[in-house]
Amino acid sequence: MKKMILCAMFFFLSVIIVAQSSLIAGKIRVSLLNDHQQPAENVTVHLMNSSDSSLLKAAITDKDGFADFDHIRMGTFFLKVTAINFATYYSKPFQLTAEKSDLILPAIEITKKSEQLNEILVSGKKPFIQKLNDRIVVNVENSIVSAGSTAMDVLERSPGVTIDQNDQISLRGKKGVIIMIDDKISPLAGADLANFLKSLPSNSLERIDIITNPSAKYDAAGDSGIIDIHMKKDQHMGINGTITANYGQGIYPKTNEGITFNYRNKKVNLFGNYSYAYREGLNHLVLDRNFYSNGVFKGEDKKDNYTTFPYHVNVLRFGGDFFPGKRTIIGFVINTNLNHFNSFNTNNSTVINGDHEPVYTFQTNDNGSSNARNSIGNINFKHTFDSTGRELTADIDYGIYNSSALSINTTAYYKLSGGALQPSYILNGNQKGKLTLRTAKADYIHPMAHDTKVETGFKTSYVSSDNDAKFFDASSGLLQNDTSKTNHFIYDEYNNAGYINVSKEYKKFNFQAGLRGEQTKLKTYQARGAVHFDSGYFKLFPSAFLNYKINKDQTIGFSLSRRIDRPNYSLLNPFLFLIDVSTYNTGNPALLPQFTWSYELSYTLKNINLALNYSHTKDVLNIAIAKFKDVFPSVQLADSNITVEIPVNLQVQDHYGASVSAPVRIASWWNIINNADFYYNRFTGNLGGSELNNGSFAADLKTNNTLIWGHGWTSELNATFNSGGRDGYMEVRPQWGISTGVQKSLWKSKGNFRFNMTDIFWTNLPKATITYPGKYIENWHAFRESRIGTISFTYRFGKNTIQAARKRTTGSEEERQRAQ
């Protein structure tokens, strides 16, 4: 409780400070005009310190051409103005004093340039976390603490994001997050997605967009929203690139190296990157499982599960854009991942009877080796018809995800005295999987009179999954097919979708309304029992957004949408995997999609954003850990104290939430980004006769401090606190962590040296209690390598001549997410 109070005090203290600092700060306003003497909208204005030319603050001009800088301490400054196709403008120095604390500068006229920006040195950087109107942006490449880590590590430190013991990602306390890579849904899911994110080095990322309420233009998937991971791209002309190398040490070593390159001229842009990573991870899981019958204690299992998993990852990306005309772009992108994972698991278990007396022990050693070879190609097209913004884009995607795994699972049984109790049990596994996705989509934007815009488009996809698993009982020294576990599962899904969005801008408010329709048809075949399953459905997904501008500093908004979350492909796989002789893992081909209505009310006061949200979800997708016989009552087992991890549909989840984003500028050298999410989740359902009707409150607090010391030195100090909360039958316990890092810029900012330490006190560790009243109670906690010290070096080479980069999207966003 003390930790929670201290973290809350730390968060709100920084919010209070901004009010105090405003008493000794002033305001600067400037207006921008174009070469036709009209207000210049969406122009970037940088407020620079006159003493060292460092960036103090940046602003974007509004419709009337005004840019405002609030809460500015007294001093001497100058303005730097940049806009695409316009020459960079530098103002003369000016002073903000106590006598002139509300300063209005003379209007600035910007002039067009012939082709491209001249070579300049950009010294200003975006903060690690930015709050925009429709999303939160995590600028990964500007984070000192993120150097040397993975995409999964960065996500875990992002506002509103939590990751549980099964590597399931939640946003604002809700699962059902869609992971996108460069605006394309990843086809991976579950453990495959987690492994991919753990293998993706942070040095290959540019930023992460967190979108909590997407419009109808996006796939209807994503109950809690979308997390879009953007890979690095380069906007510079000529040849440019980045070389990165880092080494990290937790309990085990980690290292990765990478290079990105870009070549651009007026007719072509070629880009790509390659990275190699070696990481050795740890998951030390301690469990206490208690079994009951009608409330009477029947036995207990105490488990100490220690797993290490060294893995090698190669990530290769290559693409190009071609410009046959001024209004047309044709491009392609190829992404390839080659991953090799080893796992070494030792599980020591003590079996306790109904009299609370130890009976025997067993030790399971599970050694595995797996490979993943994932490749996806995209061809894209974009044509701009005229200067009004009328535009057509199209994408075709084709991807293949191959996986293979070999495993040897050996269990030895021991008497309490130490001698052998019975012969060992040995199970060998050979698993192969192939997932193929094919998608095509087109989007059309048509601006109309009176600031009205219509967007429409369609998408079609076909995804096929073929999984073959063979298991052999090798206990006798001979391999015998284990027919209870060997299986072959084939899954085919067809999806067709279309949407229309209409938006309109008024002086004081704007709105957007959209409707998306999706038709789904799926077929499955399970070899064991020759089980066929066919299903299909058509659903509509409306959405609406409304924003009202009270004044230039205050905006209120409202949004609603209906969304769907289809089960990830791996969750439908019915294979029965042995973790140890008392623990299984399986999928569920009978899983239904979940449907959610989401509502959000937001209020923005300058750069402080408040939001209230509510959502109602039916057929809630949830990963449950339960007694095997409660889930599969018809299966006969010699031991009734066996558990299974299985995805299920709960009945309903009601989510009530409030969030606060409060950037605080204490001084020109000290910036703080504060984010807080408070929410209440209530679940109802029934699994194996255990009724669920329960909920709990939770809080997720995060603060990011950036300090600029001068002479190229900067540092970060980050703190996180999560109070836990309810996830179905599981109650998660509090956890917190503090991370820090320092950076030195070298050679006119072309080189960077960084050192960071994450989770300094090794406290950001998950723990929880699972309860099925009268039947089963499990307490667990996990030790992972959250505390890692990393040194990193980055060098940028090439020219600094800038031209606007193209935003690349493709059509396989949802399919790629569900394959994780």
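The values are calculated or read from the model by the stated rules, or taken from the named source; none is laboratory data. Here the structure is a predicted model, which means the values were calculated and not measured. Glycine gets a Cβ as well: all are built from the backbone with ideal geometry, and neighbour counts include every protein chain shown. Each accessible area value is taken on the protein alone, full model and side chains, heavy atoms only, with ligands, DNA and RNA left out. Shrake-Rupley method; radii C 1.70, N 1.55, O 1.52, S 1.80 Å.
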- Query: With the calculation restricted to Cα positions, what are the radius of gyration and Dmax of the range 534-619 in angstrom?
  - Reply: 20.5, 65
- The simple spin-label model distance between residue 733 and residue 284, using points 7 Å out along Cα→Cβ, in nm, is 1.5 nm
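Just need the relative contact order of the range 638-714 here, percent rounded to a whole number, with Cα pairs under 8 Å and 6+ apart. Write down the numbers at each step before the final one.
Working: 124 pairs, mean separation 21.4, N = 77.
Computed over the range 638-714, the figure is 28 percent.
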- Query: By average Cβ neighbour count within 10 Å, what is the ranking of 398-408, 472-482 from highest down?
  - Reply: 398-408, 472-482
- May I ask for the equivalent-ellipsoid semi-axes of the range 459-508, computed as the square root of five times each C-alpha gyration tensor eigenvalue and listed largest first in whole Å? 53, 13, 6
- For the peptides 520-527, 310-317, 701-708, 415-422, what is the packing order when you average, over each peptide's residues, the other Cβ atoms within 10 Å and list the highest mean first? 701-708, 310-317, 520-527, 415-422
- Specify the inter-centroid distance of the range 645-683 and the range 748-780, based on alpha-carbon positions, in whole Å. 17 Å
- Query: Using all Cα-Cα distances in the range 495-588, what percent lands in each 5 angstrom bin from 0 up to the longest?
  - Reply: 3, 9, 14, 12, 11, 10, 9, 8, 7, 6, 5, 4, 1, 0
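Compute the convex hull volume of the Cα atoms of the range 419-553, divide it by the residue count, and report the result per residue in Å³ as a whole number. Don't jump to the answer; show the numbers that get you there.
Values: hull volume 27.0 nm³, N = 135.
Convex hull volume per residue, Cα atoms: 200 Å³.
Suppose we look only past 17 Å in the calculated P(r) of the range 319-432. What percent of the Cα-Cα pairs does that tail hold?
Details: 4662 of 6441 pairs.
Above the 17 Å cut-off, the range 319-432 has 72 percent of its Cα pairs.
Which value does Rg/Rh take for the range 725-789 over its C-alpha atoms, Rh per Kirkwood? The partial results should precede the final answer.
On the way: Rg = 19.2 Å, Rh = 14.7 Å.
My calculation of the ratio gives 1.30.
Express the Stokes-Einstein translational diffusion coefficient of the range 217-356 in µm² s⁻¹, to the nearest whole number, given a Kirkwood radius over alpha-carbon pairs, 37 °C and a viscosity of 0.692 mPa s.
D = 162 µm²/s.
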- Message: Taking the Kirkwood radius as the inverse of the mean 1/r across Cα pairs, report the Rg/Rh of the range 649-790.
- Response: 1.14
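Report the relative contact order of the range 556-612, percent, no decimals, based on alpha-carbon pairs under 8 angstrom and at least 6 residues apart. Write out the running numbers ahead of the final one.
On the way: 84 pairs, mean separation 23.9, N = 57.
Contact order relative to length: 42 percent.
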- Surface accessible to a 1.4 Å probe, residue 357 within the full protein complex, Å²: 100 Å²
- Highest-first arrangement of 566-574, 751-759, where packing means the average Cβ count within 10 Å: 566-574, 751-759
- Item | Kirkwood Rh in Å, taken over the range 630-706 so that all alpha-carbon pairs contribute | 16.7 Å
- Item | Backbone HN-Hα couplings from phi across the range 333-341 [Karplus 6.51/-1.76/1.60, Hz, Gly and Pro as x] | 9, 10, 10, 9, 10, 10, 10, 10, 10
- Taking only the alpha-carbon positions of the range 371-478 as identical scatterers, the Debye log10 I(q)/I(0) at q = 0.12, 0.16, 0.18, 0.24 Å⁻¹ comes out as -0.67, -0.87, -0.95, -1.19
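Over the range 562-661, what is the relative contact order in percent, taking alpha-carbon pairs closer than 8 angstrom and at least six residues apart? The partial results should precede the final answer.
On the way: 209 pairs, mean separation 29.7, N = 100.
It rounds to 30 percent for the range 562-661.
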- Item | Global geometry of the range 571-725, whether rounded, prolate or oblate, following the gyration tensor of its Cα atoms and the 1.5 cut on a/c | prolate
- Per 10 Å bin from zero, what fraction in whole % of the C-alpha pairs of the range 598-642 is there, up to the bin with the longest pair? 19, 23, 17, 16, 14, 10, 2
- Query: Going down the table (302/767; 27/750; 470/775; 112/266; 521/618), which pairs top 22 Å between alpha carbons?
  - Reply: 27/750; 470/775
- Note on the structure: Here, residue 592 and residue 464, labelled 7 Å along Cα→Cβ, have an inter-label distance in nm of 3.0 nm
- What's log10 of I(q)/I(0) for the range 319-359 at q = 0.17, 0.24 Å⁻¹, Debye sum over Cα points only, no solvent? -0.74, -0.90
- Item | Pairs from 100/508; 63/552; 504/552; 63/508 whose Cα-Cα separation, in the structure shown, is over 22 Å | 100/508
